[in-house]
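Engineer: One structure is given below, represented as structure tokens, and several questions about it will come after.
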Amino acid sequence: MTEAKKIAFYLGCALPSAQLFGEAAGKIVLKDLGVEPLDIEGATCCPDPEISRTVAPELWVTMAGRNIALAEKMDADVFTVCNGCYDTLTHAYHMLSEDEQLNKKVNENLMKFGIQYQGKHRVLHAIEVLYDVIGLERIKKQIKRKLTGVRVAIQYGCRIRLNPKKELVRKFRELVAVLGCEVVDLESDRICCGVPMMYKDQKKALEQTKMRLDDMVKNKVDCIVLFCPACYDRLEKGQLELNQQDADYDIPVFNYFELLAYCFGHEPDEFGAYLHKLDYEKIFEKAQSGGKP
Amino acid sequence: MSEDQDNLYPLRKKMLKLPAAYKGAIEEILREGMNRELPGFFEDERENLDIGEVKTAWRNEEAQRQIQELAKTLGIDEKVAFDWSKKKIKY
């Protein structure tokens, strides 16, 4: 793959409104790696693949096409950290590539605003940007300190785990291993975080989250790493909700970009780690002590 | 409520009624083009983290106008009974 000098960072809704550390750390590490992340002026919700695609598929595909087209206007590939946004944007990309009639209809509606969907640029996940566009070797060269002795569970997220691009799971795992931590593979890695079930049954969704968390506790996981902001929301809020019901979970959840920024030598305050609701500092303290608790 | 569902996803079961859990997200999209609100706290915090102002639809009225026009053109507002004066779903 060719080296990207600039790339459109599709933020989605969750990073700017609740998980700024993911956005800030992402921008920091990409700049460290010689890639310029571009904000997409006027981007909207992707829109989400659960609700919008079900209720209003034509608006869903038109908005997704519009978001990609705005990135294309900047002559850049577009990437996202959110597994849901990735699903929407790649799905819409394929639909618009394969269905000429749909492409024409979407473009008729977008052309009223001077926007044209061309589909000439790629839609990528952050995993692909880091692994394929930048490459592990370049990442390794930037690493100044490691997460020695920290036991990390990976929350891949269903839309990555079940994605037709099967290599995404392996690539994410390799990206985490580069940080020098102990990757803890769990039986529950295949369990959904519980987000989609929340729309139907919040109690069952929380039970599912609990099942995942209990497996992590049993296997002495220190922290969870992920990209997906929806999984983040569920796994962090899930712990807080369960703690109100007499549990005692305290497994901090990190966006992968945060751990990478830390390993690149940035201090957690630089990327807003203080916005986490669980004790994140113990992880960096453990890493600094070489893995001693 | 699902003519366009038939076109794009012909095998999908028809949705006859908008589930209550979906209302908030649909309202946010029709109001601001995003599916959740942007708290002022996080907007202020951007300055501390030096990541620039929000450039997405939350603070871009033209983007919001475009999404609202698209929703009207595609008949989504009627489909979900969206009241434009109150910016809410009626039922």
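The values are calculated or read from the model by the stated rules, or taken from the named source; none is laboratory data. Every value quoted in this text rests on a predicted model; they were computed, and no experiment measured them. Cβ sites come from the backbone with ideal geometry, for glycine too, and all protein chains shown count toward neighbours. These accessible areas exclude ligands, DNA and RNA; they are computed on the full protein's heavy atoms, side chains included. Shrake-Rupley method; radii C 1.70, N 1.55, O 1.52, S 1.80 Å.
Engineer: Which residues, counting only those in the range A:46-65, are over 13 Å from B:A71 (Cα atoms) and part of a helix (DSSP H, G or I)?
Structural biologist: Result: A:I51, A:R53, A:T54, A:A64, A:G65.
Engineer: On to the next question. A:C231 - would you say it is within 18 Å of A:K277 (Cα to Cα) and open to solvent by less than 60 Å² (accessible area, probe 1.4 Å)?
Structural biologist: Considered against the rule, which asks whether it is within 18 Å of A:K277 (Cα to Cα) and open to solvent by less than 60 Å² (accessible area, probe 1.4 Å), A:C231 comes out as yes.
Engineer: Restricting attention to the range A:225-260, report how many residues are of a type outside the set (D, E, K, R) and under 24 Å from B:N35 (Cβ atoms).
Structural biologist: Adding up the residues that qualify gives 16.
Engineer: Of the residues in the range B:44-91, how many are open to solvent by less than 80 Å² (accessible area, probe 1.4 Å), closer than 20 Å to B:A25 by Cβ and not in a helix (DSSP H, G or I)?
Structural biologist: Selection size over the range B:44-91: 12.
Engineer: Can you tell me which of A:G34, A:G12, A:G22 is within 12 Å of the chain's Cα centre (by Cα), modelled with pLDDT of 95 or more, part of a loop (DSSP other than H, G, I, E, B) and not β-branched (V, I, T)?
Structural biologist: A:G12
Engineer: If you don't mind, another one. Is it true that some residue in the range A:87-97 is farther than 20 Å from A:L162 by Cα and part of a loop (DSSP other than H, G, I, E, B)?
Structural biologist: No, the range A:87-97 has no match at all.
Engineer: List the number of the failed condition for A:I7; all other conditions in (1) more than 9 Å from chain B (Cβ to nearest Cβ); (2) part of a helix (DSSP H, G or I); (3) of a type in the set (V, I, T) hold.
Structural biologist: (2) is the only condition that A:I7 fails.
Engineer: If I ask for residues that are more than 8 Å from chain B (Cβ to nearest Cβ) and crowded, with 24+ Cβ neighbours inside 10 Å, which ones from the range A:34-52 would you list?
Structural biologist: Hit for the range A:34-52 is A:C46, nothing else.
Engineer: Anything in the range A:193-214 that is within 14 Å of chain B (Cβ to nearest Cβ) and open to solvent by 10 Å² or more (accessible area, probe 1.4 Å)? List them, or say none.
Structural biologist: Answer for the range A:193-214, where residues must be within 14 Å of chain B (Cβ to nearest Cβ) and open to solvent by 10 Å² or more (accessible area, probe 1.4 Å): A:V195, A:P196, A:M197, A:M198, A:Y199, A:K200, A:D201, A:Q202, A:K203, A:K204.
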